[in-house]
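Novice: I'd like to ask some things about the structure below.
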Amino acid sequence: MVETVLWGAGAAVCVALLLHALLPAPTQNRLDQSARRIWQAVRAGMPRRSGPPRATRRTPEDKAAPNTRQAQREAELEARDVIDRVRRQARDGSSVERDGNVYRPDAFKSRPPKQDKPH
């Protein structure tokens with residue numbers, strides 16, 4: 001039952017859009033303006049929510065979650081540590097390929113596939 005109603009609504013929308021596309025441009029514009037006026041009238045009659053936004057409840061999981069500023073700071077510190085480690089390796093002469101300001105350590109290079117070993 002529901003599928004039939006949805007199928008019919010979808011078919012009606014498709015037919016309406018096809019007919020709209022076949023109309024001449026001035027008629028399309030008049031039809032669009034009429035539809036826009038009707039929609040604005042419907043929207044004007046709808047109740048609007050007013051007043052301050054409602055407060056959200058905090059769940060125990062939210063209270064236990066880390067502060068976003070703290071998480072941001074930890075991420076920045078971790079990024080700095082990684083950058084410093086790669087720079088140190090580059091200065092020490094370890095095998096790190098450089099392309100301008102891009103560092104590509106050996107760990108990122110592709111390796112040959114492992115041979116299948118008979119068991």
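Novice: Compute the distribution of all C-alpha to C-alpha distances in region 2-43, in bins of 5 Å from 0, and list the percent of pairs in each, rounded to whole numbers.
Specialist: Binned Cα distances yield the sequence 5, 21, 16, 20, 20, 13, 4, 1.
Novice: Set the Förster radius R0 to 35 Å, insert the Cβ-Cβ distance between VAL15 and ARG48 as r into 1/(1 + (r/R0)^6), and round the FRET efficiency to 0.05.
Specialist: Details: r = 34 Å, r/R0 = 0.97.
The value I calculate is 0.55.
Novice: Net charge within 14 Å of ALA107 by Cβ-Cβ distance, Lys/Arg positive one each and Asp/Glu negative one each, not counting ALA107 itself? Spell out each step's value before the answer.
Specialist: Details: positive: ARG85, ARG104, LYS109, ARG111; negative: GLU97, ASP106.
Result for the local shell: +2.
Novice: When the Kirkwood radius is taken over all Cα pairs of region 67-107, what Stokes-Einstein diffusion coefficient follows at 20 °C and 1.002 mPa s, in µm²/s?
Specialist: For the chosen part, D equals 188 µm²/s.
Novice: For the chain, build the charge dipole from Cβ charges (+1 Lys, Arg; -1 Asp, Glu) around the Cα centre, then report which of LEU6, LEU22, PRO53 sits farthest towards its positive end.
Specialist: PRO53
Novice: State to the nearest 20 debye the size of the charge dipole of region 67-107 about its Cα centre, where the only charges are +1 on K and R beta carbons and -1 on D and E beta carbons. Working shown, then result.
Specialist: Working: 9 positive and 9 negative charges, 30 e Å.
In debye, rounded to 20, region 67-107 gives about 140.
Novice: Can you give the helix-only mean residue ellipticity at 222 nm for the chain, where every DSSP H stretch with n ≥ 4 adds -39500 (n - 2.57) and the sum goes over all residues, rounded to the nearest 500 deg cm²/dmol? Display every interim value, and only then the final one.
Specialist: Details: 4 runs with 71 residues, N = 119.
Value at 222 nm, helices only: -20000 deg cm²/dmol.
Novice: Still on this model: How large is the convex hull of the C-alpha atoms of the chain per residue, in Å³? Let's see the in-between values first.
Specialist: On the way: hull volume 65.9 nm³, N = 119.
Cα-based convex hull of the chain, divided per residue, equals 554 Å³.
Novice: Take peptides 75-86, 41-52 and line them up by average Cβ neighbours within 10 Å, highest first, as a rough protection proxy. Let's see the in-between values first.
Specialist: Details: 75-86: 10.8, 41-52: 6.7.
For the peptides 75-86, 41-52, the packing ranking is 75-86, 41-52.
Each value in this text was obtained by applying a stated rule to the coordinates, not by laboratory testing. Because the structure is a prediction, the values reported are computed rather than measured. Heads up, the Cβs are rebuilt from the backbone with ideal geometry, glycines too, and the neighbour counts pull from every protein chain shown.
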